[in-house]
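These notes concern the structure reproduced below.
Only the coordinates and a few stated rules stand behind these numbers; no lab work does. Just so we're clear, the structure is a prediction, and the values are computed from it rather than from any experiment. Neighbour counts are summed over all protein chains in view; Cβ atoms, including those assigned to glycine, are modelled from backbone coordinates with ideal geometry.
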Amino acid sequence: MERVTLNVEKRDKSGKGNARSLRRSSIIPAIIYRGGASMPLQLSARELSQFISRTAGEQVIVDLKFSDDTKQAIVKGYQVDPVMGNLLHVDFQEISATETLKVHVHVVIKGEAIGVKRDKGMLQHGIREIEIECLPDAIPGHVAVDVSSLLIGQTLHVSDLKLSDNIRILTDPEEMLATIINVKEEVVVAPEAAAVAEKVEPEVVKKGKKTEEEAK
């Protein structure tokens, strides 16, 4: 598993006002959790943005380097401005090399299925991530799923995954990862037939003779 070092500082002040002030100074507020405890942090917006962009979708162990200490952690989540796209806040979870932890890893589809390439079917994605439990060093950056051999009607489930023996999958084994579905051909109406259909007028009741009710 990839490891990255980020320089961080303890953050003495909290609150939205302080957070906005930090961001104006190109500093991103963050927090690190350990059990029920937490510690406010701050780090360079440029350094953090580069890290998030480079490792997006991957699980990475982060060495948070303080002036007098280093803590190992993983990113549990981050907030992004919905309009500007700028990072607003990051949550870290402190980890121990000797303790197992539960994390979510992304599922990445690999290959082109026979049912798509040869038989003109369509690949349908299932869940995009799974939850696992293992020691930090065993966490995969992502889980690759090869769909090359799938035919129309065939499905890959979580139970089909083959991970290391030291990784326990917590996600429901019946969850779908990928399947190949048959694409029904659309019925195309010939232009001539469509034109004829448009010219057909609705049946008109002939006038001239009154009905029995009208005669009354």
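Residues of the range 118-156 with backbone nitrogen within less than 17 Å of a virtual label 7 Å along the Cα-to-Cβ line of LYS110, please, listed as ranges.
Hits in the range 118-156 for LYS110 at 17 Å: 129-130, 139-150, 156.
In the structure shown, do any of LYS117/LYS162; LYS10/LYS162; LYS65/LYS110 have a Cα-Cα gap over 31 Å, and if so which?
From the list (LYS117/LYS162; LYS10/LYS162; LYS65/LYS110), the Cα-Cα distance tops 31 Å for LYS10/LYS162; LYS65/LYS110.
Expected output is a single nm value to one decimal: the length gained when fully extending between GLU58 and LEU101, i.e. 0.36 nm times separation in residues minus the C-alpha distance. What is it?
Extending this stretch completely gives an extra 13.9 nm.
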